[in-house]
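S.K.: Below: one structure in structure tokens.
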Amino acid sequence: MIFRIISLLLLLMTSIHSSPQYVMTGNMRMAWENIVDLELDSVRACLDNEMHSNPENPYLFYYNHYTCFLNTLLSGITADYEQFMGVSGKLTEALRESDSNHPEYLFLLSSMNLQRAFLNFYYGDQWQGIKNFYTAYRMAKQNSYDYPLFNPNLKIEGISELIISSVPENYKWILNWLGIGAELREAIGKLERYYATCSAEEKPEALIILALAYGQILVDREKAYALLQGCEERTTNRSIVKPFLAYYASVSGHVSEAVRVLESGLQQGEIWRNQAALLLGTAKLNGLEQEAGQYLEDFLWNYKGINHIRTAHHKLSWYYLINGDTTRYIRHKQMVLSAGTDLFATDKQATAEASVPGYPDIHLLKARLLFDGSMYDWSLEILENICMDELDTEKEQQEFAYRMARVCQKLEMTARAKELYQAVLATDHHLQTYYAPYSALQLGLMAESEGRYEEAVKYYETCLEINKGEYRSGIEREAKMRLERLRNQ
């Protein structure tokens, strides 16, 4: 999704400072403004002007690097990635010739290494990504040691530590091998301090970094949306902020706001319009709207990248199924297994679900979509018309209880929700779905909110114990985070 794409690049933007060699000229300030507005052609024009007047300005190399990075990330095309890696090496070497006795020196170099690392991971080059990330991390640590009062250090250190602290358990051995570690609370704290103290020019990227930390790492999407929505209009109106405002609006019950932002992005021809089409198609599918199919088709027709393709085909297969077109359902379901890649969690999930033979229960599917679209009453209405005993498989029966529990929880039918979550936990865990561990997680959250902390701990531990299937990493991270918080009280 768009939040997975642009989120990576936003974590790396530079700061607005100057020194005799590190000159934030008018051209460079305008380049920065164009970056946060995603006006990449205008950025190029600013860089060309700076090249003629101040060809050794380190910001020139960084902004050039950043613009190439942004283009490569948004295009998703492997050939662009290969070209970027060559250009990146040359720009890095050029920056290394700058004054090394300045806080911006290692700060910019660490940012460029992080950009390379994120593109490595995005295009599936995992080991190269680990190498570049480790280099960036060491540079950031050294810069903080050398210049402890340099405020942008909070950003780079916070980002690095956030990533380290959220690494899944099965990859922790890599961190041990590299001899690095981090605490989630400290990472969040650094990003919060940076957001509170950064300049107005830096505010858009600081806003998005913190929103991503809340929404993706702390799994508190309502808090992420509140942060974005509560910021002043001149910041949220920047093009680079809009995709995140739309995403967190859509997943926190503010679908109409998400649709407004996404439709505006498409009408204005924003550079992220392909991703906007995917997000808008998803939002409309979650409302069972007929327009959804056209937006998803537009994304597949116009986007030439390797990621998110399976997700789009998967959603299109659902669209055609609920509209009675089984021929196109089968076609797009087959495309999920052959098109694009499954490097991202959403593409992995699409692949896993499309690998299941047969058809999903159409009523459960509609209830699922409507829940994701925050249409809880409509979802409940559909579920209440389903006879659980008439569902074909044990997995469908488990899903029914889970989806009914989720809707009841949202509608504040707490007692009923608890009963249904307990029913899900009582089912056979050999199915290895996310329904059982997520039910345990929700029961833990309920117990914690009611002050029954020992009971909450037991549910979180149960969640981790039975968490063997879908969405494993995300569920594990949230359960462990909740456990750590309770144990540190």
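The values are calculated or read from the model by the stated rules, or taken from the named source; none is laboratory data. As the structure is a computational prediction, the values presented were derived from the model and not from experiment. Heads up, the Cβs are rebuilt from the backbone with ideal geometry, glycines too, and the neighbour counts pull from every protein chain shown.
S.K.: Being surrounded by 14 or more Cβ atoms within 10 Å (Cβ to Cβ), closer than 20 Å to N113 by Cα, under 21 Å from the mean Cα position of the chain (by Cα) and of a type in the set (A, V, I, L, M) narrows it down to one residue among I180, I174, I164; which is it?
M.R.: Testing whether each residue is surrounded by 14 or more Cβ atoms within 10 Å (Cβ to Cβ), closer than 20 Å to N113 by Cα, under 21 Å from the mean Cα position of the chain (by Cα) and of a type in the set (A, V, I, L, M) leaves just I164.
S.K.: Return a yes/no flag: does the range 189-210 have any residue that is surrounded by fewer than 22 Cβ atoms within 10 Å (Cβ to Cβ) and on the phi > 0 side of the Ramachandran plot.
M.R.: Among the residues of the range 189-210, not one is surrounded by fewer than 22 Cβ atoms within 10 Å (Cβ to Cβ) and on the phi > 0 side of the Ramachandran plot, which makes the answer no.
S.K.: Where residues in the range 53-95 are closer than 27 Å to N302 by Cβ and not in a helix (DSSP H, G or I), which of them is modelled with the lowest pLDDT?
M.R.: G76
S.K.: Right, next: Restricting attention to the range 45-62, does a residue exist that is closer than 22 Å to Q275 by Cβ, surrounded by 16 or more Cβ atoms within 10 Å (Cβ to Cβ) and aliphatic (A, V, I, L, M)? If you could, list the steps in order and put the result at the bottom.
M.R.: Looking only at the range 45-62, we keep the residues that are closer than 22 Å to Q275 by Cβ, and these are none.
Checking the range 45-62: not a single residue is closer than 22 Å to Q275 by Cβ, surrounded by 16 or more Cβ atoms within 10 Å (Cβ to Cβ) and aliphatic (A, V, I, L, M).
S.K.: Considering only the range 230-238, I want to know if a residue exists there that is within 30 Å of Y376 (Cα to Cα), of a type in the set (D, E, K, R) and touching a residue at least 12 places away in the same chain (Cβ under 8 Å).
M.R.: no
S.K.: Does S160 qualify as being farther than 28 Å from E476 by Cα and either in contact with an Asp or Glu (Cβ under 7 Å, 6 or more places away or on another chain) or not in a loop (DSSP other than H, G, I, E, B) (or both)? Step through it out loud before you land on a result.
M.R.: Numbers: farther than 28 Å from E476 by Cα: no; either in contact with an Asp or Glu (Cβ under 7 Å, 6 or more places away or on another chain) or not in a loop (DSSP other than H, G, I, E, B) (or both): yes.
It is false that S160 is farther than 28 Å from E476 by Cα and either in contact with an Asp or Glu (Cβ under 7 Å, 6 or more places away or on another chain) or not in a loop (DSSP other than H, G, I, E, B) (or both).
S.K.: Could you list, ordered by first residue, the pairs with Cβ atoms under 9 Å in which the first is in the range 464-476 and under 11 Å from Y435 (Cα atoms) and the second is part of a helix (DSSP H, G or I) and among the basic types (K, R), at least 6 apart or interchain?
M.R.: Every condition considered, the pairs that remain are E470/K348.
S.K.: Something else: Determine whether L227 is closer than 19 Å to D372 by Cβ and modelled with pLDDT of 90 or more.
M.R.: Judged against the criteria, L227 is not a match.
S.K.: Related question: Can L266 be described as over 18 Å from the mean Cα position of the chain (by Cα), assigned to a helix (DSSP H, G or I) and not charged (D, E, K, R)?
M.R.: Working: over 18 Å from the mean Cα position of the chain (by Cα): yes; assigned to a helix (DSSP H, G or I): yes; not charged (D, E, K, R): yes.
In short, yes.
S.K.: Say we look at the range 175-214 and pick out the residues that are in contact (Cβ under 8 Å) with a residue 60 or more places away in the chain and part of a helix (DSSP H, G or I); which of these is farthest from R260 (Cα to Cα)?
M.R.: Result: L184.
S.K.: Collect the residues in the range 82-108 that are within 24 Å of the chain's Cα centre (by Cα) and under 20 Å from M51 (Cβ atoms), keeping them in residue-number order.
M.R.: Across the range 82-108, the qualifying residues are F84, L108.
S.K.: Turning to a different aspect of this structure: Could you check the range 288-314 and list, in sequence order, the residues that are part of a loop (DSSP other than H, G, I, E, B) and hydrophobic (A, V, I, L, M, F, W, C)?
M.R.: The first filter runs over the range 288-314 and keeps only residues part of a loop (DSSP other than H, G, I, E, B), leaving 288-291, 303-308.
Within the range 288-314, L288, I306 qualify.
S.K.: Here is a further query. Among the residues of the range 372-416, how many are within 22 Å of Y320 (Cβ to Cβ), in a helix (DSSP H, G or I) and touching a residue at least 40 places away in the same chain (Cβ under 8 Å)?
M.R.: Matching residues across the range 372-416 total 1.
S.K.: Across the range 315-338, which residue is surrounded by the most Cβ atoms within 10 Å (Cβ to Cβ) among those that are among the polar types (S, T, N, Q) and assigned to a helix (DSSP H, G or I)?
M.R.: My answer is S317.
S.K.: Further, regarding this structure: How many residues are among the β-branched types (V, I, T) and surrounded by 21 or more Cβ atoms within 10 Å (Cβ to Cβ) when one looks only at the range 63-87?
M.R.: Residues that pass the stated criteria total 1.
S.K.: Could you tell me whether any residue of the range 433-449 is more than 24 Å from R485 (Cα to Cα) and at pLDDT below 95?
M.R.: Scanning the range 433-449, I find at least one residue that is more than 24 Å from R485 (Cα to Cα) and at pLDDT below 95, so the answer is yes.
S.K.: Could you check H430 against (1) part of a helix (DSSP H, G or I); (2) at pLDDT below 95; (3) within 21 Å of A367 (Cβ to Cβ) and say which number it fails?
M.R.: The single condition H430 does not satisfy is (3).
S.K.: Out of all the residues in the range 18-62, which are within 16 Å of I271 (Cβ to Cβ) and not small (G, A, S)?
M.R.: Passing the criteria: E33, N34, I35, V36, D37, L38, E39, L40, D41, V43, R44.
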